[in-house]
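The structure under discussion appears below in the form of structure tokens.
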Amino acid sequence: MTRIFTLLLLAATAVLACGVDVKVPACPSTTSFTFNTGIPAVDPSCPLTEVQMCYTPTQLKLAFTAYNETEFYYDASQTTNGDIWEYEVVEAFIYKGADDPQTYFEYEVNANNVTYNAFVYNPSRVRKEGAPFDHAFVMDPFGDGFEVDTRVNKKAQLWHTRSVIPLALFNGENP
């Protein structure tokens with residue numbers, strides 16, 4: 001059995017976009033893909049990023065590897081749900097299904113192992129001026145079953161993060 005999650009995956013150094021519908025297999029199998037296109041698509045500074053995913057009956061598992069990293073740019077004073085996107089992060093915008101959502105989950109990790117975890121409410125779907133746009137933060141992600149482990153290897157110019165996100169957030173527990 002596979003689940004379909006739509007992800008807009010963003011990675012370190014530049015604002016990158018790879019909007020794809022991903023069929024996520026049950027663990028231990030994984031789906032894996034790489035991307036290195038940025039916004040704009042011709043951005044030459046966009047690093048190669050690899051993503052691996054699978055799910056268990058209760059968890060979505062994500063692994064990101066950011067290659068060709070030279071700066072490992074983050075603010076060490078930032079904490080959970082801070083504005084970590086102002087620096088280098090890997091991000092996944094997640095929702096269950098394949099349609100353009102009004103609500104999605106935004107998950108970010110930086111090289112310092114700090115996360116941003118929020119449901120985003122965007123009924124206009126395009127950030128229409130004057131339309132509602134809001135965030136509902138997951139304030140205790142580790143108490144809620146999230147896991148994250150980030151490792152930096154400056155010599156190899158990469159950082160790798162493995163994350164676990166509870167499927168119950170998407171009403172998807174126990175497929």
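Of note:
- Each residue of region 101-111 is assigned a 3J(HN,Hα), and the resulting list reads x, 8, 9, 8, 9, 9, 10, 10, 9, 10, 5 Hz, derived from the Karplus form 6.51 cos²θ - 1.76 cosθ + 1.60 (θ = phi - 60°), x at Gly and Pro.
- Element breakdown for region 43-175 at a 1.4 angstrom probe: carbon and sulfur atoms account for 45% of the accessible area.
- Rounded if a/c under 1.5, otherwise prolate or oblate - region 29-175, Cα gyration tensor axes: rounded
- Pairs from Lys61/Lys154; Lys96/Lys154; Lys128/Lys154 whose Cα-Cα separation, in the structure shown, is over 31 Å: Lys96/Lys154; Lys128/Lys154
- Taking amide H as placed 1.01 Å from N in the peptide plane, Ala26 has its amide H under 5 Å from the amide H of Tyr55, each at least 5 places away in sequence or on another chain.
- Reachable aspartates and glutamates, given that their alpha-carbon falls under 14 Å from the alpha-carbon of Lys155 and they are not under 8 places away in the same chain: Glu69, Glu71
- Extending 7 Å from Cα along the Cβ direction at His135 and again at Ser32 yields two label points whose distance is 3.2 nm.
- Mean Cβ neighbour count within 10 Å, used as a protection proxy, ranking 50-60, 123-133 highest first: 50-60, 123-133
- The mean sequence distance of close C-alpha pairs (under 8 Å, at least 6 residues apart), as a share of the length of region 92-175, puts its relative contact order at 21 percent.
The values are calculated or read from the model by the stated rules, or taken from the named source; none is laboratory data. These numbers come from a predicted model, not from an experiment. As a convention, Cβ positions derive from the backbone with ideal geometry for all residues, glycine included, and neighbour counts pool all protein chains shown. Surface accessibility is based on the protein's heavy atoms, side chains included, excluding ligands, DNA and RNA. Shrake-Rupley method; radii C 1.70, N 1.55, O 1.52, S 1.80 Å.
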